Amino acid sequence: MDNECKNNLESLLQEVAKKFNLQIHSLNLLTNQNPVIIKIIICKTDDDDITLDDCSRFNNPAAIVIENSNLLKCSYVLEISS
């Protein structure tokens, strides 16, 4: 995956994160793994602590955005953490 594709994916995920008062702290794609691992680290916009529920609530919308973007043409594992 090239840098432009990663940046596009991160922009899409930032839009989703805003709806949950979150932001993407970092997005890492481990393309040397099979399947590819997408590691997203989130934080709250108000600097409160992230809970497991926050990660869980963000997981499905993030997965939907990734699937609908058609930016990844391979299988992947999505990891959301803080």
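Quick look at the values:
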| item | result |
| --- | --- |
| Any strands (runs of 3 or more DSSP E) falling wholly within the chain and containing at least 1 residues that are free of Cβ contacts under 8 Å to residues at least 24 places away in the same chain and of a type outside the set (F, W, Y) | 22-30, 36-44 |
| Verdict on K18 being exposed (fewer than 15 other Cβ atoms within 10 Å of the Cβ), over 11 Å from the mean Cα position of the chain (by Cα) and modelled with pLDDT of 95 or more | yes |
| Within the range 1-26, tally of residues that are in contact with a Lys or Arg (Cβ under 7 Å, 6 or more places away or on another chain) and either aliphatic (A, V, I, L, M) or closer than 13 Å to P61 by Cα (or both) | 2 |
| Which listed residue, of I24, I37, I80, is surrounded by 15 or more Cβ atoms within 10 Å (Cβ to Cβ), more than 9 Å from the chain's Cα centre (by Cα) and not charged (D, E, K, R) | I37 |
| Those residues of the range 1-15 which are more than 13 Å from the chain's Cα centre (by Cα) and either more than 18 Å from K73 (Cα to Cα) or of a type in the set (D, E) (or both), in sequence order | D2, E4 |
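Yes or no, residue by residue, for (1) of a type in the set (G, A, S); (2) open to solvent by less than 60 Å² (accessible area, probe 1.4 Å); (3) at pLDDT below 95; (4) touching a strand residue (DSSP E or B) at 6+ places or on another chain (Cβ under 9 Å):
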site	(1), (2), (3), (4)
M1	no, no, yes, yes
E4	no, no, yes, no
N32	no, no, yes, no
P61	no, yes, no, no
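The values are calculated or read from the model by the stated rules, or taken from the named source; none is laboratory data. From a predicted model like this one, the values you see are computed outputs, not experimental measurements. All Cβ positions, even for glycine, are placed from backbone atoms using ideal geometry, and neighbour counts span all protein chains on display. Ligands, DNA and RNA are stripped out before the accessible areas are found, and what is left, the full protein with its side chains, is counted by its heavy atoms. Shrake-Rupley method; radii C 1.70, N 1.55, O 1.52, S 1.80 Å.
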